[in-house]
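Novice: Take this structure, written in structure tokens, and hold onto it; I'll ask about it next.
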Amino acid sequence: LLNQLQQSHYPGCTVLMSAAEWLAERSQEIEQAGVVEALVKPLDLSEIEQLLAKIGRGEPIPSRPPIVPAPVTVPQPYQQLAAALQSRGSLAWQFSQGLAELVATTPATTGLIFQLDPISRTVSVMAQAGQADLNEEALYGLGESPVSDVMTEAIHILENNVSGQASDRFRKLLHLLPFESCLGIPIEARGEVHHALFLLHDRSDAFTRYHLRDTLAAGALFAVAIERDAMEERFGSINKIMLSGQLAGGFSHEVYNKMSGLEIQLHNLRLDCQRYNSDAGQPANFGEISQAAEALLTTFDDLRQTVELFQQLMRSESGCWTTVNDIVQQAVHLLQPVLRKNRIKVEADLSDELPMTIVNVVQLKQAFLNIMLNAVQQMMYQPGDANLLTITTAYQRNSSNLPLKIRFTDTGPGIHRRLWERVFGLGFTTRMGGTGQGLYITRSLIESQGGRVSIERSVMLLGTTFLVELPVAMAEEA
């Protein structure tokens, strides 16, 4: 088309609009075609209006500099936003941190992330950044506002004069807080939209199409956080099933042994009763019967505790007030059948100085079991009966914000230094038939408690030490 215009001696001015990469590739052709200006997408309407005004006034158009596409780098604000969205804590906490970073790098005075309940269709505020005070009573009306439109219709909003012709459309949202400029986008994750990101300003003309572009990019990072949170939740559920399957063999053996003991005790008690009934002249020895009944109750209680420990793996619970030593002991007790089956000894050196703390007992127990099962699986390939799993706990008051130290040391084949970080990656395994999920899930579970897990030491052919570091959460903090 440009060549045709040039050949026909078109008297007007030619302006070209396209992506920077395309313009750079064809810069020589554009020069030869006599293009007076090349505009880079996304387009800025004010830039186009200024250019048309110059042409209309007959002003000379300055020579256009060569178009060079910007190097592909991640801008610093996006790096900070991505880091905030990977911080430890709940999804709502990550959103609050990320939204604060986004508001700090845009003209917005207020940032809001709304959430739409898929069942009740009610809208709530999941995260907020900025100084605005929200009228919580107005939340009930957001189902009939642009907030709902953005999420249900997956549309973008860029409005810089809300008090003008758009005041009626934004009436319900204005009841929540006052503003003049509004930018809103849907956050699509897993093919669905249940969240919306809104940036607001109390003066008009605060946002441009470039801000919309940047916000769309930020929305993609928020979507990644949603998908990562959902994936970790699914992995948590899978981990329960994996653990129950790995422990099932030893558990069934343990239950069978206890049931066999019950059967023998009941059989002996029945024989005693038959003996007393057959010899009417011999008085019943109620002391022996009482002792037999007590032994039955003890065995039954032991069996019940074993079953309850196994059932706890499938439960979901929030923080509990306990000590890490108790959780370690429960995990070791659960693993005892597997340890006996594989002839692995356990030595535990648990410090008496550990303080009480608030933790999710089920998640932490699952993490400890994952680490210990990994050690068992490594030592299974070692010949002989000298396999040993050593567990130590310590409280280091001056150790930054993670004073609780739990170490798991095995006598397995060791892990090469190059693999110390890779073993925590999803799908990575060095074991035949391994899934590469156990240690990945372990890191996720530990980090959800505000801690971290790493390989502290590993010597080839001698063994490996895993270090778990945890904070101490007081009751008032929880």
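Novice: Sort out for me the helices (runs of 4 or more DSSP H) sitting completely within the range 86-204 that have 1 or more residues that are surrounded by fewer than 16 Cβ atoms within 10 Å (Cβ to Cβ) and among the β-branched types (Val, Ile, Thr).
Specialist: Passing ranges, in order: 146-153.
Novice: Suppose we filter the range 441-468 for residues that are assigned to a loop (DSSP other than H, G, I, E, B) and buried (at least 17 other Cβ atoms within 10 Å of the Cβ); how many remain?
Specialist: Of the residues in that region, 2 qualify.
Novice: Among the residues of the range 402-410, is there at least one that is under 20 Å from residue 235 (Cβ atoms), in contact with a strand residue (DSSP E or B) (Cβ under 8 Å, 6 or more places away or on another chain) and not in a loop (DSSP other than H, G, I, E, B)?
Specialist: The answer is no; no qualifying residue exists.
Novice: For the subset of the range 332-357 comprising residues that are modelled with pLDDT of 90 or more and among the aliphatic types (A, V, I, L, M), which member is farthest from residue 378 (Cα to Cα)?
Specialist: 356
Novice: Where the second residue is surrounded by 14 or more Cβ atoms within 10 Å (Cβ to Cβ) and of a type in the set (S, T, N, Q) and the first is closer than 17 Å to residue 386 by Cα and lies in the range 333-350, which pairs have Cβ atoms under 6 Å and are six or more apart or on separate chains?
Specialist: Short answer, once both residue conditions are applied: 344/387; 347/390.
Novice: Can you say whether residue 392 is modelled with pLDDT of 90 or more, under 29 Å from residue 323 (Cα atoms) and assigned by TED's automatic domain parsing to the domain that holds residue 333, as far as the supplied structure shows?
Specialist: Yes: the conditions hold for residue 392.
Novice: Among (1) modelled with pLDDT of 90 or more; (2) in contact with a His (Cβ under 7 Å, 6 or more places away or on another chain), where does residue 403 come up short?
Specialist: So the condition that residue 403 fails would be (2).
Novice: Among the residues that make up the range 137-145, is at least one of them at pLDDT below 90, on the phi > 0 side of the Ramachandran plot and assigned by TED's automatic domain parsing to the domain that holds residue 193?
Specialist: no
The values are calculated or read from the model by the stated rules, or taken from the named source; none is laboratory data. What you see is a predicted model; the values in this text were computed from it and never measured. We place every Cβ from the backbone using ideal geometry, glycine too, and count neighbours over all the protein chains shown.
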